[in-house]
Amino acid sequence: SYFNVMRLYDGSTSKVALGTNSHPLTPSSTTFVDVLGGKLYFGDTQGEIWSFDLTTGTTASGVTGPTLVGTVPNETAAGPIRYQGYAQTSSGIYIWATTDHQVTVFKFTGGAVTSSGTGWTPWWWSGTSGSGYFSNGGMVTTSTDPGVGSTAAPYWIDTGGTITDRSAVEAGTLIVPVTVSPPTSSCGAAIAKYDFFDLGTGTFPQKKFHDLFGNVITSNPVIGLGTAYSPAISQNGNGSSIVYGTASQNQQGKIGFQVAATSGIHVGPGIMGWQPLWMVQP
């Protein structure tokens with residue numbers, strides 16, 4: 001595999017080999033470019049996150065990498081990375097990565113992002129069969145699901161849950177689209193929901209989100225039926241963030257726009273059922 005590069009301002013091109021014979025590397029995820037830091041990030045089929053430095057030369061041939069950022073915990077069970085992204089909040093700088101059944105967050109804990117390819121620490125993870133978090137120099141794993149009420153450790157993703165689209169970050173929270181398959185003995189439809197994780201801790205964000213009636217959301221909301229897709233996020237006039245859930249069908253089993261305020265917002269491929277979910281009060 002190769003990474004092909006073209007600089008737009010001068011048209012120079014280059015390609016960089018990915019991996020070696022002893023350590024083959026096959027990209028499997030979406031990519032993200034940190035414009036300020038000058039780095040491109042991607043994930044591979046072995047559960048590894050890599051970066052390219054885009055600022056090391058005046059032409060495309062000056063691109064260096066790939067540099068290993070880190071490997072997701074539980075990688076054998078986790079599988080290939082499908083989606084990943086980058087976020088900076090008041091609590092730190094993070095890279096998140098999702099496989100089909102696990103979300104992992106890395107935190108930058110050493111050096112400057114623009115001058116160091118190391119310093120990324122696996123900070124927490126959550127999957128359908130476990131979770132873990134960084135503490136006292138190592139990863140602590142859970143033996144049972146702490147649940148969304150826990151403030152000590154990340155809760156587990158629902159049994160039968162699959163992460164089916166790119167996550168989003170809002171108000172320091174990672175919002176993960178999860179599609180929960182019905183039991184094999186059932187003929188019911190799959191349930192689409194969003195799992196909320198505090199970026200800094202992996203726990204459910206307590207007292208941060210409200211529904212449209214002002215009630216505090218205390219558990220992960222169901223957004224519809226079928227496949228869960230990435231949320232659409234906007235702001236109203238007083239600065240509150242509004243998150244709209246998108247799924248194959250809304251909770252009434254219907255298809256189409258449900259509120260006029262979402263008109264014109266593109267949320268991904270296919271036909272979506274829209275459902276207004278909650279807002280963050282400033």
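The values are calculated or read from the model by the stated rules, or taken from the named source; none is laboratory data. For clarity, every value in this text was computed on a predicted model and none was experimentally measured. Virtual Cβ from ideal backbone geometry, glycine too; neighbours counted across all protein chains shown.
Number of residues in region 192-210 that are of a type outside the set (Gly, Ala, Ser) and either modelled with pLDDT under 90 or in a loop (DSSP other than H, G, I, E, B) (or both) equals 10. Taken over region 134-154, residues that are in contact with a Ser or Thr (Cβ under 7 Å, 6 or more places away or on another chain) and closer than 19 Å to SER91 by Cβ amount to 5. Checking VAL33, VAL5 one by one, the residue that is at pLDDT below 80 and not in a loop (DSSP other than H, G, I, E, B) is VAL5 and no other.
Restricting region 156-204 to residues that are closer than 17 Å to GLN249 by Cβ and of a type in the set (A, V, I, L, M, F, W, C), the residue that is surrounded by the most Cβ atoms within 10 Å (Cβ to Cβ) is ALA192. Assigned to a strand (DSSP E or B) and more than 14 Å from SER126 (Cβ to Cβ): is that true of ILE175 in this structure? Here the answer is no, as ILE175 does not meet what is asked.
Does THR99 satisfy being more than 27 Å from PHE52 (Cβ to Cβ) and surrounded by 21 or more Cβ atoms within 10 Å (Cβ to Cβ)? Reasoning before the result, please.
Details: more than 27 Å from PHE52 (Cβ to Cβ): no; surrounded by 21 or more Cβ atoms within 10 Å (Cβ to Cβ): yes.
Against the criterion (more than 27 Å from PHE52 (Cβ to Cβ) and surrounded by 21 or more Cβ atoms within 10 Å (Cβ to Cβ)), THR99 does not qualify.
Filter region 162-177 down to the residues that are at pLDDT 95 or above and over 11 Å from the mean Cα position of the chain (by Cα) and list them by number. Result: THR162, single match. Contact map, region 68-90: first residue farther than 19 Å from VAL35 by Cβ and polar (S, T, N, Q), second residue crowded, with 19+ Cβ neighbours inside 10 Å and modelled with pLDDT of 90 or more, Cβ cut-off under 6 Å, separation 6 or more or different chains; pairs are THR71/GLY47; THR71/GLU48.
Please work out which residue is nearest to the chain's Cα centre (by Cα), limiting yourself to region 67-79 and to residues that are at pLDDT 85 or above and closer than 15 Å to TRP125 by Cα. This residue is VAL72.
Out of (1) modelled with pLDDT under 70; (2) in contact with a strand residue (DSSP E or B) (Cβ under 6 Å, 6 or more places away or on another chain), what's the single condition that is false for SER28? With respect to (1) modelled with pLDDT under 70; (2) in contact with a strand residue (DSSP E or B) (Cβ under 6 Å, 6 or more places away or on another chain), SER28 is out only on (1). The set of residues in region 147-163 being part of a loop (DSSP other than H, G, I, E, B) and within 15 Å of THR104 (Cα to Cα) consists of ALA153, PRO154, TYR155, TRP156, ILE157.
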